[in-house]
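The values are calculated or read from the model by the stated rules, or taken from the named source; none is laboratory data. Every value quoted in this text rests on a predicted model; they were computed, and no experiment measured them. Cβ sites come from the backbone with ideal geometry, for glycine too, and all protein chains shown count toward neighbours. For the accessible areas, the whole protein counts, side chains as well, though only heavy atoms, and no ligand, DNA or RNA atoms are used. Shrake-Rupley method; radii C 1.70, N 1.55, O 1.52, S 1.80 Å.
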Amino acid sequence: MTAVSLRWALADGWTVARRDLIHWANQPMTVVFGVVFPVVITLAFGYLFGGAVEVPAGAGYFAFLMPGMYGMTMLFGLSATMIAVTTDASKGVTDRFRSMPMAPSAVLIGRAVADLLNSVLILAGLLICGLAVGWRPSTLTGALAAVGLLLLLRFSLLWVGMYLGLLTKDPGGVVAIQTLEFPIGFLSNAFVAPDTMPGWLGAISEWNPLSSTVAAARQLFGNPGWGGDSWVAQHAILMAVVWPVVITAVFFALSVRLYQRLDR
């Protein structure tokens, strides 16, 4: 990609992103619900199950819970992106974009930018919730690094959501993805130590990209975690970078290729 084509793609992408941001400004309840939902789930987990769960290092439950909830919230964004893409496809918006003289990747880049900005807002709301219930990061630098890794995971999952949305082109197909979000999230170290699972299941849990991001966030926030003796557990921060980069590279290419081939 030349510098000119890159600027063209970015300029067109920002135009598409502005369209999505204007829609949210005109329909603020969609954004409000996106912020409130993870807060409600966090409070439910914290106050309903907190007294029954034994956390590592004898720490308070919210100190342990919050990094896991931050990671889960980034995962939940996958279906939100997929819904937006399939809705545009079903209403013919995608076809109208494809008929315009714009970079093939611009629609996808615009969606990624808009959804990432939305995720920043949702994560900010959840961080405020964490502070309100007593969760505290140990250092500002570590907290900023942890937030960066959480958003990096979300950015990579954006491309997974876009690919699946373009692949199904049916809003009904989103239900299957939404159903899988919770099992994928629970099959990680967000709430349960992989060591307590059967051997093969624990290995899958440790190699879950969400596990690497949550473990890295706990380290950087200075919050208690499960630890672990496996290589992937010992190199959580490294893998919290490697996993999203690999996922983004794969699904960005797949999404752009699929977008170019629609209805051919």
Next item on the list: Given the peptides 178-191, 231-244, arrange them by the average over their residues of other C-beta atoms within 10 Å, most packed first.
Entry: 231-244, 178-191
Checklist line | Principal-axis tilt of helix 236-261 within the chain, Cα atoms, nearest 10 degrees | finding: 20 degrees
Item checked: Percent RCO, i.e. relative contact order, over the range 148-264, from Cα pairs under 8 Å lying at least 6 residues apart -> 38 percent
Next item on the list: Would you please put 9-19, 71-81 in order of how densely packed they are, using the mean number of other Cβ atoms within 10 angstrom per residue and starting with the highest?
Entry: 71-81, 9-19
Checklist line | Solvent-accessible heavy-atom area per residue, rounded to whole Å², over the chain at 1.4 Å | finding: 48 Å²
Item checked: the chain: angle of helix 106-132 to the longest principal axis, Cα-based, in degrees nearest 10 -> 30 degrees
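Go ahead and estimate [θ] at 222 nm for the chain from helices alone: -39,500 (n - 2.57) per DSSP H run with n ≥ 4, summed, over the residue count, rounded to 500.
Mean residue ellipticity at 222 nm (helix-derived): -25000 deg cm²/dmol.
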Margin query: Give me the percent of accessible area attributable to carbon and sulfur for the range 165-264, probe 1.4 angstrom.
Written below: 68 percent
Note to self: Just to verify a number: FRET efficiency for Ser99 and Ala253, C-beta to C-beta distance, R0 = 22 Å, to 0.05?
What the structure shows: 0.40
